[in-house]
Every structure is written in C-alpha cells, then in structure tokens.
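Each remark here refers to the structure printed beneath this line.
The values are calculated or read from the model by the stated rules, or taken from the named source; none is laboratory data. Remember, predicted model here, so these are calculated numbers, not experimental data. We place every Cβ from the backbone using ideal geometry, glycine too, and count neighbours over all the protein chains shown.
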Amino acid sequence: KLNVPDHPTIAYIPGDGVGVDIFFAAQRVFDAAVKIVFDGQNKIEWKKLFAGQEAFEKMGDYLPEKTLQAIDDALVTIKGPLMTPVGEGFRSINVALRQKLDLYACVRPVEYFSGISSPLKNPERVNMTIFRENTEDIYAGIEFASGTKEAQKVISFLSDELKVSQIRFPEHSAIGIKPVSTDGTKRLVRAAFDHAVSTDKKRVTFVHKGNIMKFTEGGFRKWAYEVASEYPTFTALDFQKIKAAQGISAAQQAKAEALEAGKIFVDDVIADNFLQQILIRPEQFEVIATLNLNGDYISDALAAEVGGIGIAPGANINFKTGHAIFEATHGTAPDIAGKNLANPSSLILSGVMMFEYLGWTKVAQVIKSALAQTILEQHLTQDLGGNLSTSEFANALIEKISHV
Ligand code: ATP
Ligand code: MG
C-alpha cells in the first residue's frame with residue numbers, strides 16, 4: 001500500500017539511555033539485511049532526528065517542532081526509548097509523539113522464540129498480535145488531583161447536576177475521566193481486522209471489562225462487534241443467535257461451516273479472564289483488540305511469557321495517514337545504559353515490523369530467521385541468561401544474515 005522507493009528515507013531517533021546502545025547495533029543489522037537481500041542495489045537513507053535529552057542539549061527543546069515536522073514528512077520512523085524529564089510540561093515525550101501524529105493503534109506482536117526461558121510450560125504456543133487503542137480511555141490524561149478546585153467542581157457537577165451519589169469521600173477524591181468513542185473504537189478494531197485478513201488469521205478476540213464499565217468498555221465491545229460484521233466473520237453473537245433459535249448443535253454446525261468457508265471467528269473475553277487464559281491456554285488467541293489500559297497490562301504480561309521487554313517489539317501507527325513509529329517497548333533502562341549490555345532484540349524486531357510495513361518482506365524474514373537461529377544456539381544477552389554484549393549479539397546476527 002505504500003509506494004516504497006529503492007532508497008527509502010527512514011527517520012530515526014536513537015533515544016536516551018540504553019537507546020544509544022541498542023539503536024546503532026540494530027541499525028547495523030538492518031543495513032546488513034537490506035544489503036544481502038537486494039544485493040547492494042537498494043538501501044535505506046537514514047535521516048537522524050533529534051528528540052529527548054540530545055535535543056534538549058542541542059536545541060533547548062525535548063521535542064522540537066522541526067523533529068515533529070520531519071517525522072510527519074518521513075511517514076516511517078524508528079526510535080529508541082526517550083526519557084521524559086519531570087516537570088517539563090509533558091507527561092511523556094513518547095505519548096506526546098503518539099498524540100501529535102494521532103497514532104491510534106499500538107501494535108504488539110508477541111511471539112516465542114525457541115531457546116528463551118519462559119514461565120510457561122509450553123511457551124511455543126504463544127503467537128498473537130495485540131492491537132491496543134492508543135488515544136482514549138483513562139490514558140487521555142483527564143485527571144484532577146484530590147482537593148483541587150477542579151476536582152471539587154467536577155464532584156459538585158456530578159452530585160448536583162447528575163445526581164451521582166457514589167463518590168464516597170467528596171472532599172478527598174481525585175477524579176479521572178475515561179472517554180471511549182465509537183469512532184476511536186472502530187478505527188482501532190478495523191486495523192485489527194485488516195491485519196487478520198491480510199495475514200490469514202482465524203480468530204479475533206475483543207478484550208474488555210464491559211461487565212463492570214457498561215458504557216465505556218461495554219461500548220467498545222458493542223462497536224467492535226459492529227465492525228466485525230463488515231468483515232467475513234462468524235461471531236460469538238451469531239453463535240448465540242442461532243443457538244437461541246435452533247439449538248446448540250445447529251449453532252455448532254453453522255460455526256464449523258463458517259470456519260470451513262474461511263471466515264474469521266470473533267469473540268470477546270473479559271480482561272481478567274483473558275489474563276488467566278494467556279497463562280493457561282495462550283494458543284487460543286491470534287489477534288487481540290482492546291482498550292488502552294487493558295492493552296498496557298496485557299502487553300507486558302505477554303512480553304514476560306516470551307522473554308520480557310528486552311525482546312518485545314512494537315509500533316504506533318495511524319493506518320489512515322500511513323504514519324508509523326516503530327520502537328523498543330522498554331524504557332531507557334538507566335541501570336545498564338552506556339554499558340553495551342542491553343538486548344537490542346526489541347528494537348530489531350520492531351525493525352522487522354517496519355520492513356513488513358514497507359513491504360520489504362524478504363528483509364523482515366531474513367532478520368527474523370537470523371534472530372531465531374541465534375537465540376536457538378543460545379547466543380544471548382544477559383537479560384536472557386547469556387553473556388553476550390549488545391554489539392556481540394548484533395555481530396552474531398549479522399554473521400547469520402550473511403550466510404542466508
Ligand atoms: P524509563 O524511566 O525510561 O521507563 P526504566 O527504569 O523504567 O526506564 P525500563 O527500560 O522500563 O527502565 O526497564 C526496566 C528494567 O528492565 C531496566 O532496569 C533494565 O534492567 C531492564 N531492561 C530494559 N530494557 C532492557 C534491554 N533492552 N535489555 C536488557 N534489559 C533491559
Ligand atoms: Mg519504565
């Protein structure tokens with residue numbers, strides 16, 4: 001869908017802390033794979049952008065307007081983690097970037113590589129992609145601290161105008177607002193279905209707490225099922241309907257026929273139960289669509305099942321404008337920053353997502369299979385129980401890549 005030239009320009013921000021260690025290691029891996037696959041014909045034009053600590057030192061701004069403009073122009077950006085200073089006017093540079101470009105889908109593939117130790121008995125069954133809504137929910141940042149004029153005003157409005165009586169300590173309550181919209185939900189869920197269709201997935205699951213939050217999380221569930229009906233699907237709601245009218249065996253038969261015909265099975269799971277299911281029977285799930293906060297918990301829980309944040313990739317994407325930022329999902333890890341110890345896999349696998357997004361599928365495959373092979377042979381960084389440095393791990397990967 002993107003028109004990719006032979007020498008695409010990709011914007012990059014190495015990032016703060018451990019970002020510098022992992023970014024340049026990952027970049028060497030990307031360039032090596034592109035060179036091998038295209039036999040030296042195509043290459044990436046890297047365009048360095050400034051954000052975070054480095055931008056502040058050089059330009060006096062943690063997120064310069066020029067950087068935002070360049071990201072806007074480049075469409076595709078890859079970055080390391082950025083440290084957000086306390087009291088600089090924004091809660092997080094990472095979040096600010098997502099908001100400015102309206103990167104509404106946080107995409108997190110979770111896949112197990114043999115050779116990594118996992119708390120699960122059968123970790124090889126974990127293989128799913130999470131689509132987390134990125135712009136709404138309690139993450140919108142609409143919060144009022146307890147005891148402030150603002151909180152008091154909201155509380156008075158709620159009790160006087162809306163006759164809400166559930167605020168137990170009106171004098172001492174902080175208040176948070178959870179906006180969840182039809183449009184916000186639907187664009188995210190469509191992204192999940194587009195992915196399911198294009199990668200031939202058999203099941204899409206909505207994860208929510210609609211049993212408790214009827215209109216926000218319950219709304220998400222309802223609108224998500226509306227989107228399902230736009231795609232070749234057989235849903236849990238279809239199943240219920242047939243069961244009510246014609247009995248369970250008719251419903252089971254209808255489902256079997258639908259799946260036989262290649263339709264996607266769609267259902268929903270309450271978030272707490274989902275967190276149990278991914279421990280007990282993770283193989284059930286293929287594509288997950290969920291709200292912002294649930295997505296946060298779920299992404300970290302699943303990352304832990306396959307080796308932790310050092311290896312979990314992610315992207316924030318606006319599928320309408322095409323803007324995408326591929327990034328390591330962990331923070332700046334100041335404890336190991338600058339020591340050449342960090343695992344660059346999270347960023348490298350984010351790069352794999354990036355090459356898939358660009359349509360350079362072969363490059364993505366080459367990097368991913370080299371990574372799988374390197375891990376299988378137990379060439380690992382310290383976080384995964386090995387003794388390789390960041391650059392040694394990258395060298396091992398490049399060595400594998402040059403032998404494909
Ligand atoms: P930030 O404030 O930027 O979020 P943090 O201190 O929360 O930084 P994280 O990067 O979120 O640090 O990670 C927590 C811990 O996980 C780190 O202290 C570090 O030991 C470990 N860690 C994170 N990323 C990596 C990595 N790429 N390789 C190895 N260990 C990592
Ligand atoms: Mg952190």
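A few comments on the model shown:
- The lone criterion from (1) surrounded by fewer than 18 Cβ atoms within 10 Å (Cβ to Cβ); (2) over 14 Å from VAL189 (Cα atoms) left unmet by PHE285 is number (1).
- Residue check for ILE298: buried (at least 21 other Cβ atoms within 10 Å of the Cβ), more than 14 Å from ligand 1 (Cβ to nearest atom) and either part of a helix (DSSP H, G or I) or on the phi > 0 side of the Ramachandran plot (or both): yes
- Candidate set: segment 372-391, residues that are in a helix (DSSP H, G or I) and small (Gly, Ala, Ser); chosen: the one nearest to ligand 1 (Cβ to nearest atom): SER391
- One residue alone among GLN382, GLN378, GLN373 is of a type in the set (S, T, N, Q), touching a Gly at 6+ places or on another chain (Cβ under 7 Å) and away from ligand 2 (no atom under 16 Å from the Cβ), and that residue is GLN378.
- Among the residues of segment 112-144, those identified as in a strand (DSSP E or B) and surrounded by fewer than 19 Cβ atoms within 10 Å (Cβ to Cβ) are ASN127, GLU143, PHE144.
- Restricting attention to segment 237-267, the residues that are in contact (Cβ under 8 Å) with a residue 40 or more places away in the chain and either touching a Gly at 6+ places or on another chain (Cβ under 8 Å) or of a type outside the set (Asp, Glu) (or both) add up to 4.
- The test for being modelled with pLDDT of 95 or more, small (Gly, Ala, Ser), in a helix (DSSP H, G or I) and over 23 Å from GLY322 (Cα atoms) holds for ALA394.
- You will find that of ILE10, ILE78, ILE36, the residue that is of a type in the set (Val, Ile, Thr) and assigned to a helix (DSSP H, G or I) is ILE36 and no other.
- Test: residue in segment 290-299 that is away from ligand 2 (no atom under 16 Å from the Cβ) and without any contact (Cβ under 8 Å) to a residue 40 or more places away in the chain: no
- Selection count where residues are in a loop (DSSP other than H, G, I, E, B), more than 6 Å from ligand 1 (Cβ to nearest atom) and in contact with a Ser or Thr (Cβ under 8 Å, 6 or more places away or on another chain), scope segment 325-340: 2
- The residues listed here are ASP300, ASP335; of these, the one that is over 28 Å from ASP72 (Cβ atoms) and modelled with pLDDT under 95 is ASP300.
- If the condition is being in a helix (DSSP H, G or I) and surrounded by fewer than 16 Cβ atoms within 10 Å (Cβ to Cβ), then segment 195-218 contributes VAL197, SER198.
- Annotation note: of VAL363, VAL352, the sole residue that is over 27 Å from ILE298 (Cβ atoms), in a helix (DSSP H, G or I) and either in contact with a Gly (Cβ under 8 Å, 6 or more places away or on another chain) or of a type outside the set (Phe, Trp, Tyr) (or both) is VAL363.
- Among the candidates GLU124, GLU171, GLU111, GLU136, residue that is closer than 27 Å to GLY386 by Cα, touching a residue at least 24 places away in the same chain (Cβ under 8 Å) and of a type in the set (D, E, K, R): GLU111
- When the criteria are applied in full, ALA324 fails the requirement of being of a type outside the set (Lys, Arg) and within 23 Å of ILE375 (Cα to Cα).
- In segment 322-344, the residue that is farthest from ligand 2 (Cβ to nearest atom) out of those that are within 18 Å of the chain's Cα centre (by Cα) and surrounded by fewer than 18 Cβ atoms within 10 Å (Cβ to Cβ) is GLY322.
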